[in-house]
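What follows is one structure encoded as structure tokens, with my remarks underneath.
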């Protein structure tokens, strides 16, 4: 019998299923705990006897939170920032990926490597020089400054993802479009973009999610409450040595739900975009 088709022993099955159960628990328990904590009263948060199944649930934390104008402002700011950052990143990344996959010029391989390294560099190494640069040109504490900061991770990721996806597209269709008289932009708009729709949607979802959840740049580049994003607002519930757990967990749940819905609705495009981009190296 081929080794790859051999049956698992009982011990191996126990180990495998135990590992899967632990992984599933570690993935499900944090959001479960966050949601339950958001439904508890202040005095019940620290009741260890009701960690998994609380007896008394309330919507007081959500009502109190939504009555504040700040949470609405945080959501609007985060949404607009994520939309603008995603649209800008896609516009640049589509042109960059198209250039890297369909043109031949000196330094193209070095440019491709530069895009990859820009993607893997941690944000913690970039935010100090980025802050100094934005401060020199007067963009610290401004909306354009936040957008530019988000592009430092959105553009490299979208370019890297679309580069892999564009390479899987059939070149015969592009050659046929060129024969019909299409220039580079015509090939891009009429052939590549329709075929690469799943990859573009995937890049957009990941870029939007990353911008929506971003905290480091928002904390270091925001100087007024008008530009405070949702993650930064949630962190504001930590006041000195006091933790407003109920309101904080309610805000965290509100921040999580749109992303969960987005991934559920778009999961088909995400899987197709990621797997198609991995066919060719």
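Within the range 220-269, can you find the residues that are in a loop (DSSP other than H, G, I, E, B), in contact with a helix residue (DSSP H, G or I) (Cβ under 9 Å, 6 or more places away or on another chain) and within 21 Å of residue 146 (Cα to Cα)? 222, 228, 229, 236, listed by residue number.
Of the residues making up the range 51-63, just one is within 13 Å of residue 32 (Cα to Cα) and either in a helix (DSSP H, G or I) or at pLDDT below 70 (or both), namely 51. The range 110-216 holds helices (runs of 4 or more DSSP H) entirely within its bounds, and those carrying 2 or more residues that are in contact (Cβ under 8 Å) with a residue 40 or more places away in the chain map to 123-136, 143-166, 184-187, 197-213.
Annotation note: Cβ proximity below 8 Å between a residue of the range 84-108 that is assigned by TED's automatic domain parsing to the domain that holds residue 154 and a residue that is surrounded by fewer than 19 Cβ atoms within 10 Å (Cβ to Cβ) and not in a helix (DSSP H, G or I) (sequence gap 6+ or interchain) occurs for 101/167. Tell me the residue from 236, 246, 199 that is modelled with pLDDT under 90 and surrounded by fewer than 17 Cβ atoms within 10 Å (Cβ to Cβ), please. The match here is 236.
Scanning the range 78-120 for residues that are over 28 Å from residue 174 (Cβ atoms) and modelled with pLDDT of 85 or more turns up 78, 79, 80, 81, 82, 83, 84, 85.
The values are calculated or read from the model by the stated rules, or taken from the named source; none is laboratory data. Here the structure is a predicted model, which is why all the values come from computation and not from measurement. Neighbour counts run over all protein chains shown; Cβ positions are idealised from the backbone, glycine included.
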